[in-house]
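**Q** One structure follows; several queries about it will come next.
The values are calculated or read from the model by the stated rules, or taken from the named source; none is laboratory data. What you are looking at is a predicted structure, and each value in this text was computed from that prediction instead of being measured. Every residue, glycine among them, receives a Cβ derived from its backbone with ideal geometry; neighbour counts consider all protein chains shown. These area figures cover heavy atoms from the full protein model, side chains too; ligands, DNA and RNA do not enter into them. Shrake-Rupley method; radii C 1.70, N 1.55, O 1.52, S 1.80 Å.
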Amino acid sequence: VLPACLLLALLLLAPALLAQEERGLIMNLDTGELCLQSVQCKSGCCHHDHILGLTRCAPKAAEFQECSPKTVYGVYYKCPCESGLKCDADKSIVGAITNTNYGVCKDPRE
C-alpha cells in the first residue's frame, strides 16, 4: 500500500515541479523581457541603457566585456560578469553612488 501511495504522490507532484522551471509572468524571465529587478531574470541581470530607459533582462557580461560589480540595487547599466569571471572595476563608494564603477570582465586565474 505504501509504494502505491508514494507513486500516486509523485504523479500528482510532477506537474507542479515542472511548472517551477517554466517562464513565469514576473519571475524566470528570458533575455529581452521587461523587468524591475535582476532576481526576476534567468540571466540574473536586469539592464537599462539610461536612467529613463526601460529595464530588460540581458545576458551577463562575457570575458573582456564591460561590466558592473554586483549591487544591492538589482538594476544595472552594465551587467555583472558570467560565472567564473571577475569584474575588475572601481569599487569605491563614489563610483557606486555616481554609477561610474564600470570595469572589464577578467578571468581571475590569469
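**Q** Could you tell me how many of the residues in the range 33-43 are open to solvent by less than 20 Å² (accessible area, probe 1.4 Å) and either in a loop (DSSP other than H, G, I, E, B) or over 20 Å from Thr100 (Cα atoms) (or both)? If you could, list the steps in order and put the result at the bottom.
**A** Of the range 33-43, the ones open to solvent by less than 20 Å² (accessible area, probe 1.4 Å) are 35, 38, 41.
Remaining after also requiring either in a loop (DSSP other than H, G, I, E, B) or over 20 Å from Thr100 (Cα atoms) (or both): 35, 41.
Residues flagged as open to solvent by less than 20 Å² (accessible area, probe 1.4 Å) and either in a loop (DSSP other than H, G, I, E, B) or over 20 Å from Thr100 (Cα atoms) (or both) within the range 33-43 amount to 2.
**Q** Here is a follow-up. Can you tell me which residue among Cys46, Cys67 is at pLDDT 90 or above and either touching a Pro at 6+ places or on another chain (Cβ under 8 Å) or loosely packed, with under 13 Cβ neighbours inside 10 Å (or both)?
**A** Cys67
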